[in-house]
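What follows is one structure encoded as structure tokens, with my remarks underneath.
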């Protein structure tokens, strides 16, 4: 075991880190953006999780779920655990590496500390961190709790399960490292793992299936009967033996009361302790892999903080189109951002996708496969609003991802509006093309489906929407980029994928709500203008003239809004200084 | 070529640069020196149009930065201490992108000798992540020089370069100055300034303490020693402390 001084130092590091983490979180609440975010985050968590939980406990007496479900749930959970463990053995895994931070590696690896002490430190740190995960899992699973035990006992049950899984994964990586050191490749290990599993699980499973009578109609009538049959299946043949240890492990989580919990906890802790010992006594070299892992993690974190989600997987990408030396500078930004988006987003790919859609829809129509046609129509129709209204949130290859390069962008001989519009072009193009492809599928499946709508409407409807798509995308991107430019400090913390906490959760919710409100305000003038135009022209010249005119009004209003938005953002960008904006 | 008049930059209650005026003529290399926090980088960023000045005027190649920012920036190349590159563009793609922004016709013919001079001609298809820090710096320089700027500004240009790279960088700066460019060079490496600069401007707490030719500055702060090195001069001029 570790000496007292070393243990004290390591404990100090761990506790000081946790204390520092909480202190920094509390300190930053002095900033309004975090304070407001924290309030919203707390309200959200309380409303959606804690209130129901408290009310369930305080007002409504706990009613146990049906006995079938109580018997059924632990068996399912144990079977799921077994599958997770089995997959862990089969899937490729790199060399053993315990997760240390770069600072821990710098200070602890060269320090006069035994390897076993380092392992103790890492494992205990992980088990400590899992307390928070267990509490979180208890909170979010409160609604479907199947036991009457208190939340704290269930959290303890979660902790035992999560801790053992974590230790099992570490032990697996140690075993893999031993095998790799003996020249066994990942492929060979996977094959061997499959073979072992085929024997260890497959054979008993087949045995069980042979031993178990096929389900009758009565077995499948209603959940209780299905549950009863499933329970019989899991208790037939050798399956109970295979599930014995997983069942021991999950038993505290499903304990009906405190007494049952205490009785179940002992065996579960023994399984956990056995795993701990397994890791501790698997003496393999983990240092190199730990260093590599820490470096990878640090690079990823730095990339996330810089707003670049792809930093760990950068590949050389082909030019989406030939960029000539002269011409509109906005196209240079479109070209640059399409390069960043990857190989899929080229004009050639769009043409290929369109060709596939046309061929598939034609084939479905010729073969008269109504089910297939309906499926394509529904899938394409559902994807339309998703692409239009959620696409701009995720297609961020614009100013949002380039704000970190604002200094260099501002030295270019371009006015702010040109830069802002150029930056927005790639997401506008990509989202428009994707929406057009979905519209193409809707139009092709709709055109060959007999409905009450005249063919003219079936063709002109999607065409009219297709014309409006770039305007709608542009309007939303003006909003998203506008928020990034007007509130860069907020966006920096919200977009940082390494950031967690109630305050950041609240900020994200607030941003989402703000975007929806701004979009609604942006669409309102277009909708009002179109409605008034349609009403007036319809009464004078009929709907044939009113509809296209109303549509033109929509496009004009959206166009003016986008133009005005880009000019405003251009002005803002010209005055923008990221370093002073982010100054606390 | 570079004219700065009454330039001030205030962040909230903090004045980073106060009433700064100077000029750099074609062929001159001005060394901007000062202790940490003196306002050197803020001055350069303001002159480059990255941040707007609170008061004052900047003119680059005869174009007022406020009235005609794009014309002024077309004549400018600004090299930051940390090379800012696009993670997902290769060396070739960076040059292609910049060429389009500055409308440089037949950019490949111009880029080839530049890349050879900077010794990165064989890394055309490399991403920034595959380049060493020095090579990234060289790529940033190649991008900046592609449009043959008449105004050049360097913020700590030697950071990350190897000895040969440093030698070449000094030669390159002098070559551009001889070709008629107006250059501002900010660095803590006083021996670099001594070798390269024709003029020196000393800043402290955002204010100009002194400016003039290297000989004039030496005469003023050299305590009568005509051969006093710039380090001694700098320490005396800035009061020996930050």
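So that you can scan it fast, the table gives a plain yes or no per residue for (1) farther than 16 Å from residue A:428 by Cα; (2) modelled with pLDDT of 90 or more; (3) within 14 Å of chain B (Cβ to nearest Cβ); (4) in contact with a strand residue (DSSP E or B) (Cβ under 8 Å, 6 or more places away or on another chain):
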residue	(1), (2), (3), (4)
A:331	no, yes, yes, no
A:335	no, yes, yes, no
A:345	no, no, yes, no
A:354	yes, yes, no, no
A:359	yes, yes, no, no
A:369	yes, no, no, no
A:378	yes, no, no, no
A:383	yes, yes, no, no
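Here are some residues: A:403, A:399, A:409. Which one is modelled with pLDDT under 95, more than 30 Å from the chain's Cα centre (by Cα) and within 14 Å of another protein chain (Cβ to nearest Cβ)? Let's see the steps before the verdict.
Details: A:403 fails: more than 30 Å from the chain's Cα centre (by Cα); A:399 fails: more than 30 Å from the chain's Cα centre (by Cα).
Unique residue meeting the criteria: A:409.
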Give the residue, chosen from B:99, B:129, B:111, B:103, that is within 13 Å of another protein chain (Cβ to nearest Cβ), surrounded by fewer than 21 Cβ atoms within 10 Å (Cβ to Cβ) and farther than 25 Å from residue B:58 by Cβ. B:129
Go through the stretch A:64-97 and report how many residues are at pLDDT below 75, part of a helix (DSSP H, G or I) and more than 25 Å from the chain's Cα centre (by Cα). 6
Based on what the data block shows, is residue A:394 more than 13 Å from chain B (Cβ to nearest Cβ), under 20 Å from residue B:88 (Cα atoms) and either modelled with pLDDT under 85 or surrounded by fewer than 19 Cβ atoms within 10 Å (Cβ to Cβ) (or both)? yes
Members of the stretch B:114-125 that are assigned to a helix (DSSP H, G or I) and at the interface with chain A (Cβ under 10 Å from one of its Cβ atoms): none
Would you be able to say whether some residue in the stretch B:44-54 is more than 18 Å from residue A:575 (Cβ to Cβ), in contact with a helix residue (DSSP H, G or I) (Cβ under 6 Å, 6 or more places away or on another chain) and more than 10 Å from chain A (Cβ to nearest Cβ)? no
Just one of the numbered conditions (1) more than 25 Å from the chain's Cα centre (by Cα); (2) surrounded by 24 or more Cβ atoms within 10 Å (Cβ to Cβ); (3) within 14 Å of chain B (Cβ to nearest Cβ) is not true of residue A:420; which one? (3)
Under 22 Å from residue A:333 (Cβ atoms) and more than 19 Å from the chain's Cα centre (by Cα), is that true of residue B:147? no
Write out, first by first residue and then by second, each pair whose Cβ atoms fall under 6 Å of each other, whose residues are 6+ apart or on separate chains, and whose first residue, in the stretch A:349-365, is outside the structural domain of residue A:339 (by TED's automatic domain parsing) while the second is at pLDDT 95 or above and surrounded by fewer than 14 Cβ atoms within 10 Å (Cβ to Cβ). none
Taking the condition of being in contact with a strand residue (DSSP E or B) (Cβ under 9 Å, 6 or more places away or on another chain), in a loop (DSSP other than H, G, I, E, B) and within 7 Å of another protein chain (Cβ to nearest Cβ), how many residues in the stretch B:61-96 meet it? 1
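Here's the yes/no breakdown for (1) closer than 18 Å to residue A:339 by Cβ; (2) outside the structural domain of residue B:166 (by TED's automatic domain parsing); (3) modelled with pLDDT under 90; (4) in contact with a helix residue (DSSP H, G or I) (Cβ under 7 Å, 6 or more places away or on another chain):
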{"residue": "B:80", "(1), (2), (3), (4)": "no, no, yes, yes"}
{"residue": "B:87", "(1), (2), (3), (4)": "yes, no, yes, yes"}
{"residue": "B:98", "(1), (2), (3), (4)": "yes, no, no, yes"}
{"residue": "B:113", "(1), (2), (3), (4)": "no, no, no, no"}
Mind checking which residues of the stretch B:50-76 are over 11 Å from residue B:3 (Cβ atoms) and within 15 Å of the chain's Cα centre (by Cα)? B:50, B:73, B:75, B:76
Given (1) in the same structural domain as residue B:99 (by TED's automatic domain parsing); (2) closer than 11 Å to residue B:32 by Cα, where does residue B:152 come up short, assuming only one miss? (2)
Give the stretch B:145-155 a look and list any residue that's in contact with a helix residue (DSSP H, G or I) (Cβ under 9 Å, 6 or more places away or on another chain) and in a loop (DSSP other than H, G, I, E, B), or say none. B:146, B:147, B:148, B:149
Is it true that some residue in the stretch B:196-217 is within 13 Å of the chain's Cα centre (by Cα), part of a helix (DSSP H, G or I) and either without any contact (Cβ under 8 Å) to a residue 60 or more places away in the chain or within 25 Å of residue B:46 (Cα to Cα) (or both)? yes
Without any contact (Cβ under 8 Å) to a residue 60 or more places away in the chain, assigned to a loop (DSSP other than H, G, I, E, B), facing chain A (nearest Cβ under 9 Å) and crowded, with 16+ Cβ neighbours inside 10 Å: is that true of residue B:158 in this structure? no
Any residue in the stretch B:170-182 that is over 26 Å from residue B:41 (Cβ atoms), assigned to a helix (DSSP H, G or I), at pLDDT 90 or above and more than 11 Å from every other protein chain (Cβ to nearest Cβ)? yes
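The values are calculated or read from the model by the stated rules, or taken from the named source; none is laboratory data. Just so it is clear, the model here is predicted, and its values are computed rather than measured. Because the Cβ atoms are built from the backbone with ideal geometry, glycine has one as well, and the counts that use them run over all protein chains shown.
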